[in-house]
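The values are calculated or read from the model by the stated rules, or taken from the named source; none is laboratory data. Please read all numbers here as calculations on a predicted model, not as lab measurements. Positions of Cβ are generated from backbone atoms using ideal geometry, with glycine treated the same way; all protein chains shown enter the neighbour counts. Side chains included, ligands, DNA and RNA excluded: accessible areas come from the protein's heavy atoms. Shrake-Rupley method; radii C 1.70, N 1.55, O 1.52, S 1.80 Å.
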Amino acid sequence: MGNGSSFEQIKTIYLDINGKEEKIIFSRHSTPLEIHELIAQAAGVNKHSTISLRDKNGAHVAVSPTMPVNSAQNPYKVVTREPPPATDNDAFQAVLTHVAEQLNRVFQMEETRSHLNHRINMLEKKIEIEGLKAVEIEKCKSEISYIRDQLWNAQKKPIMTSGSCDHFFSSLSDERKIILKRDIPTYPKYTLSQETVDYLKQPTFDIWHWEPNEMLSLLEHMYHELGLVEEFNINPIVLKRWLLCVQENYRNNPFHNFRHCFCVTQMMYGMIHLCKLWERMTTEDLGILLTAAVCHDLDHPGYNNTYQINARTELAIRYNDISPLENHHCAVAFQILSNPETNIFAYVDKDTFKRIRAGITMLILATDMARHAEIMESFKEKLAAGFDDKNKEHLDTLKMVLIKCCDISNEVRPMEVSEPWVDCLLEEYFNQSDREKIEGLPVAPFMDRDKVTKPTAQIGFIKFVLIPMFETVARVFTQIDEVMVQPLKNAKDRYEEMKSIEEAQKEAKKALSQNH
């Protein structure tokens with residue numbers, strides 16, 4: 001890049017040393033001491049010599065990384081003076097100066113990192129929003145890559161060599177393991193048909209027909225369509241990178257995987273539109289609901305809280321047996337958001353972020369089924385007292401119930417969409433119960449492959465958990481009754497019929513074996 005570029009990283013300075021032309025090259029991150037030593041080396045004098053530079057007009061030029069660049073036709077004249085004989089005091093002062101210089105670099109590192117990250121975000125936003133010409137886009141991408149490399153090298157570079165400082169920087173690095181996990185996202189941008197856009201808002205949406213990249217694009221569409229990108233001033237490329245990072249932090253479990261994350265988020269998106277939640281809530285509230293749905297099962301290990309507690313896992317110990325998984329999902333969510341490259345809330349003020357963090361945490365913790373009765377009782381009390389949209393406690397409880405509905409809403413969907421999820425859930429249950437048997441831990445009957453069947457797994461859950469919960473929500477949003485409660489009742493009837501057939505077949509088989 002030319003010397004006039006605002007992204008200049010390397011400088012070339014021309015020198016006149018006793019009539020002989022020399023030049024030095026240094027980074028703008030170099031210290032004045034390092035540049036001084038370079039000039040001393042070029043001049044062939046002691047590095048402790050006094051060195052001054054003068055331009056063509058005789059004016060003195062400061063030896064620093066910000067000195068103006070010049071040309072071979074206009075070199076800086078170098079004037080040197082040998083240092084006086086060194087004393088012990090001089091040596092001591094030199095050591096102090098060196099230590100001060102190193103400390104200054106340590107404390108400026110965070111400032112430099114923040115500055116570079118800010119520039120990266122600005123460049124990326126420029127690429128996405130302003131639609132630069134192709135050649136300019138490539139130039140910006142090159143500059144982004146260069147800045148990122150500089151930032152990465154700055155984070156890895158050891159500044160001091162003492163044991164305590166080595167420990168400081170290695171622990172700093174450990175805390176940043178997810179930083180730079182992805183470069184600019186490469187998943188294709190899909191053009192969604194109007195039919196897909198409309199279908200995405202329906203609870204009947206079939207989530208099985210979409211590839212991971214397509215699900216990412218659909219989630220991205222939700223943030224744009226609900227006005228969340230504008231509300232939170234989200235950098236569109238950061239939104240893409242955040243979604244990719246979220247996807248990478250869902251494990252390949254039979255049930256609790258990225259498709260489940262998409263399924264829950266799509267149902268939340270559907271309920272926002274079905275219930276016209278923007279009439280009762282702010283756009284910020286909608287963003288909290290949608291983001292909590294996206295993050296609600298991050299890094300789920302495939303074994304539930306009961307297993308974590310009984311097996312005394314690291315998670316159970318860390319969170320004192322109190323909703324260990326849900327606390328972990330929250331922690332991973334905000335670890336991702338603590339990375340500037342994946343922080344979709346980077347441009348909200350501190351008070352707004354504080355509300356967002358509290359809201360997302362509240363909702364993810366509400367998905368622990370151990371709290372089901374507590375949350376539903378609280379919601380019913382508020383309904384009995386007269387539900388008030390303007391009352392924060394009432395609205396918070398409603399939001400908790402909404403994410404609970406979305407989290408366990410599979411049976412609201414058509415049978416061909418919902419039934420495969422039952423198979424996935426039972427597979428995950430059976431994996432856990434098999435492990436519990438091997439480890440000598442208690443086994444829940446509804447997870448035991450020797451005791452449970454598909455209909456027995458679903459009938460009680462639909463009858464005693466899902467239908468009562470959705471019927472309660474229908475007291476606030478009457479449209480839910482037809483669109484969600486009725487399909488749940490149909491699913492219950494279907495599984496009861498399936499159970500009757502299974503029992504009849506079992507009896508027939510038993511009678512046949514007795515006759516023989």
Roll a 1.4 Å probe over the protein heavy atoms and report the accessible area of M400 in Å², nearest 10. 30 Å²
Whose amide H sits under 5 Å from the amide H of V61, counting only residues 5 or more places off or on another chain, with H placed in the peptide plane? L53, R54, D55
Can you tell me which of 66-77, 270-281, 382-393 comes out highest on packing, and rank the rest after it, using the mean Cβ neighbours within 10 Å? 270-281, 66-77, 382-393
For the pair I317 and H221, the simple spin-label estimate (label points 7 Å beyond Cα toward Cβ) gives in nm 4.7 nm
Within 15 Å, Cβ to Cβ, of V78, how many net charges do the neighbouring residues add up to if Lys/Arg are +1 and Asp/Glu are -1? +1
Positive end of the charge dipole of the range 204-278 (Lys, Arg +1 and Asp, Glu -1 on Cβ, about the Cα centre): tell me which of W208, F232, F255 has its Cα farthest that way. F255
With no solvent and one point on each alpha carbon, what is the Debye value of log10 I(q)/I(0) for the range 313-469 at q = 0.13, 0.14 Å⁻¹? -0.85, -0.96
In percent, how large is the relative contact order of the range 402-516, given Cα pairs closer than 8 Å and 6 or more residues apart? 26 percent
Using a cut-off of 14 Å between beta-carbons, work out the net charge of the residues near D434 (Lys and Arg +1, Asp and Glu -1, D434 not included). -2
Ordering W210, W242 by how much accessible area each has at a 1.4 Å probe, largest first, what is the list? W210, W242
In the full protein assembly as shown, how much of Y250 is accessible to a 1.4 Å probe, in Å² to the nearest 10? 10 Å²
Applying 1/(1 + (r/R0)^6) with R0 = 41 Å to the Cβ-Cβ distance of K506 and T478, what FRET efficiency is obtained, to the nearest 0.05? 0.45
What spacing in nm lies between the two simple spin-label points modelled at L383 and E248, each 7 Å away from Cα in the Cβ direction? 4.3 nm
Under a 1.4 angstrom probe, counting protein chains only, how are T204, T367 ranked by accessible area, largest first? T204, T367
Sorted by packing (mean other beta-carbon atoms within 10 Å per residue), highest first, where do 287-299, 17-29 land? 287-299, 17-29
Could you work out how much longer the chain between A59 and H372 gets when fully extended? Use 0.36 nm per residue separation minus the Cα distance between them, nm to one decimal. 104.9 nm
Give the calculated FRET efficiency between K20 and T66 to the nearest 0.05, with a Förster radius of 30 Å applied to their Cβ-Cβ distance. 0.70
If you put +1 on each Lys and Arg Cβ and -1 on each Asp and Glu Cβ, how big is the dipole of the range 398-516 around its Cα centre, in Debye rounded to 20? 240 debye
Determine the dipole magnitude for the range 315-412: charges of +1 sit on the beta-carbon of Lys and Arg, -1 on that of Asp and Glu, nothing else is charged, the reference point is the Cα centre, and the result goes in debye to the nearest 20. 240 debye
Given 10 Å bins starting at zero, what is the percent of C-alpha pairs of the range 204-287 in each, up to the one with the largest pair distance? 16, 48, 32, 5
Between R28 and E214, the two model label points (7 Å from Cα along the beta-carbon direction) sit apart by a distance in nm of 4.6 nm
Output ³J(HN,Hα) for the range 252-269: one whole-Hz value per residue in order, computed from phi by the Karplus curve 6.51 cos²θ - 1.76 cosθ + 1.60 with θ = phi - 60°, and x for Gly and Pro. 8, 6, x, 10, 7, 10, 5, 5, 5, 4, 5, 4, 5, 5, 5, 5, 4, 4
Stretched out fully, how many nm does the piece from H118 to R435 gain, at 0.36 nm a residue minus the Cα gap? 109.3 nm
Once the convex hull of the alpha carbons of the range 385-515 is built, what does its volume come to per residue, in cubic angstrom? 148 Å³
Largest first, how would Y307, Y347 line up by accessible area (1.4 Å probe)? Y347, Y307
